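Undergrad: Take a look at the following structure, please.
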Amino acid sequence: MVVLKTSRELEAMRAAGRISSRALKLAGEAVEPGVSTLEIDRIVRKYIEEQGATPSFLNYGGFPASACISVNDVVIHGIPRKNQILKQGDIVSIDVGAFYEGFHGDNAWTFPCGEVSREAQALMDATRESLFEGIAAARLGNRLGDIGSAVQRYVEARGYSVVRDFVGHGVGAELHEDPSVPNYGTPGRGVRLLPGMTIAIEPMVNAGVHTVEVLPDKWTTVTTDGKLSAHFEHTIAITPDGPVILTLPD
Ligand code: MG
């Protein structure tokens, strides 16, 4: 069931989104050679808790950390580790959610660690831009398929592939609500977009094939060909005035 939010609820979601966004920004600023992914997770948790919020991912389905930190060929759900030290040239996808006054904000960004290859930068740029293509399509009169196809078209025109096994989702009082928001689709198809819908659009884009595999830890999700993957996400609201990004720092 899709839960539509009132304007008052959207304001509350904006507050949760603001905390999520600032936590993600701090995490990104911490990305540099020599830093462990666990240190970044600590920064995220500390910031969110200082705001009187709760990290959405901590213990969600048993996830053991506050941020998912996914390096290079890890697509999503990387578990932060003390012995995972970032190095020059890595691309680091960080996914952060915060729960505040009844609502979640959910966002992700892929950060370069120092200097990265041209190929890695191009993948990150295309994935980020595909997110904004998807957001631009999230307007009244459109359907979910318009969002997915906008992302897919942008990505595939550049020779990359969109992950199929994981998709975006509704966000609200629950971290994952209906509807599912695929990063692929057919224009004009799928659930009709309505005012008050709040969704996380989150393209996961692979440099090679679209297929992924979940490792035996049941979380870490990698590309099956070992090539790079990037991930960008915003929580947005569908409004009569167009899409509104809820996960912004101010
Ligand atoms: Mg999400």
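The values are calculated or read from the model by the stated rules, or taken from the named source; none is laboratory data. Fair warning: this is a prediction, and the values are worked out from it, not measured in the lab. Glycine gets a Cβ as well: all are built from the backbone with ideal geometry, and neighbour counts include every protein chain shown. Keep in mind that these areas ignore ligands, DNA and RNA; they rest on the heavy atoms of the full protein, side chains included. Shrake-Rupley method; radii C 1.70, N 1.55, O 1.52, S 1.80 Å.
Undergrad: I'd like the full set of residues that are open to solvent by 50 Å² or more (accessible area, probe 1.4 Å) and closer than 19 Å to Pro64 by Cα, limited to the stretch 22-44.
TA: Glu39, Arg42, Ile43
Undergrad: Moving on to the next point. Give the residues of the stretch 180-207 that are open to solvent by less than 10 Å² (accessible area, probe 1.4 Å) and within 16 Å of the ligand (Cβ to nearest atom), sorted by residue number. Explain how you work it out, then say what you get.
TA: Filtering the stretch 180-207 down to residues open to solvent by less than 10 Å² (accessible area, probe 1.4 Å) leaves 181, 183, 193, 196-201, 203-206.
Across the stretch 180-207, the qualifying residues are Val181, Asn183, Met197, Thr198, Ile199, Ala200, Ile201, Pro203, Met204, Val205.
Undergrad: Same structure, new question: Of everything in the stretch 81-113, what is open to solvent by 10 Å² or more (accessible area, probe 1.4 Å) and assigned to a loop (DSSP other than H, G, I, E, B)? Give them in sequence order. Please lay out each step first, then the result.
TA: So the first thing to find is which residues in the stretch 81-113 are open to solvent by 10 Å² or more (accessible area, probe 1.4 Å), and the list is 81-85, 87-89, 95, 99-104, 109, 111-112.
Residues satisfying the conditions are Arg81, Lys82, Asn83, Gln84, Lys87, Gln88, Gly89, Glu101, Gly102.
Undergrad: Filter the stretch 227-242 for residues that are more than 16 Å from the ligand (Cβ to nearest atom) and open to solvent by less than 60 Å² (accessible area, probe 1.4 Å) and give the result.
TA: Passing the criteria: Leu228, Ile238, Thr239, Gly242.
Undergrad: Right, next: Go through (1) over 14 Å from the mean Cα position of the chain (by Cα); (2) part of a helix (DSSP H, G or I); (3) surrounded by 23 or more Cβ atoms within 10 Å (Cβ to Cβ) and name the single condition Tyr154 misses.
TA: Condition not satisfied by Tyr154: (3).
Undergrad: Away from the ligand (no atom under 12 Å from the Cβ) and either over 15 Å from the mean Cα position of the chain (by Cα) or open to solvent by 70 Å² or more (accessible area, probe 1.4 Å) (or both): does that describe Ser149?
TA: Spelling it out, Ser149 is indeed away from the ligand (no atom under 12 Å from the Cβ) and either over 15 Å from the mean Cα position of the chain (by Cα) or open to solvent by 70 Å² or more (accessible area, probe 1.4 Å) (or both).
Undergrad: Further question on the same structure: Does the stretch 55-65 contain at least one residue that is open to solvent by 70 Å² or more (accessible area, probe 1.4 Å), part of a loop (DSSP other than H, G, I, E, B), in contact (Cβ under 8 Å) with a residue 12 or more places away in the chain and at negative phi?
TA: Residues of the stretch 55-65 open to solvent by 70 Å² or more (accessible area, probe 1.4 Å): 59-61, 64.
Checking which are part of a loop (DSSP other than H, G, I, E, B) leaves us with 59, 64.
This time we only want the ones that are in contact (Cβ under 8 Å) with a residue 12 or more places away in the chain, so: 64.
Keeping just the survivors that are at negative phi gives 64.
Checking the stretch 55-65: at least one residue is open to solvent by 70 Å² or more (accessible area, probe 1.4 Å), part of a loop (DSSP other than H, G, I, E, B), in contact (Cβ under 8 Å) with a residue 12 or more places away in the chain and at negative phi.
Undergrad: Just checking, how many residues over the stretch 160-176 are within 11 Å of the ligand (Cβ to nearest atom), in contact (Cβ under 8 Å) with a residue 12 or more places away in the chain and either of a type in the set (Asp, Glu) or in a loop (DSSP other than H, G, I, E, B) (or both)?
TA: Residues flagged as within 11 Å of the ligand (Cβ to nearest atom), in contact (Cβ under 8 Å) with a residue 12 or more places away in the chain and either of a type in the set (Asp, Glu) or in a loop (DSSP other than H, G, I, E, B) (or both) within the stretch 160-176 amount to 4.
Undergrad: May I pose another question? Would the stretch 114-133 turn up any residue that is in contact with a helix residue (DSSP H, G or I) (Cβ under 6 Å, 6 or more places away or on another chain), of a type in the set (A, V, I, L, M, F, W, C) and part of a loop (DSSP other than H, G, I, E, B)?
TA: no
Undergrad: Another question about this same structure. When Gly134 is evaluated against the numbered criteria (1) farther than 21 Å from His210 by Cα; (2) in contact with a Pro (Cβ under 7 Å, 6 or more places away or on another chain), which criterion, by number, is the only one it fails?
TA: (1)
Undergrad: Considering (1) away from the ligand (no atom under 16 Å from the Cβ); (2) in contact (Cβ under 8 Å) with a residue 24 or more places away in the chain; (3) over 16 Å from the mean Cα position of the chain (by Cα), say which one Thr224 fails and leave the rest.
TA: Every condition holds for Thr224 apart from (2).
Undergrad: On to the next question. Got at least one residue in the stretch 111-132 being out of contact with any Cys (no Cβ under 7 Å at 6 or more places or on another chain) and among the basic types (Lys, Arg)?
TA: Yes, the conditions are met somewhere in the stretch 111-132.
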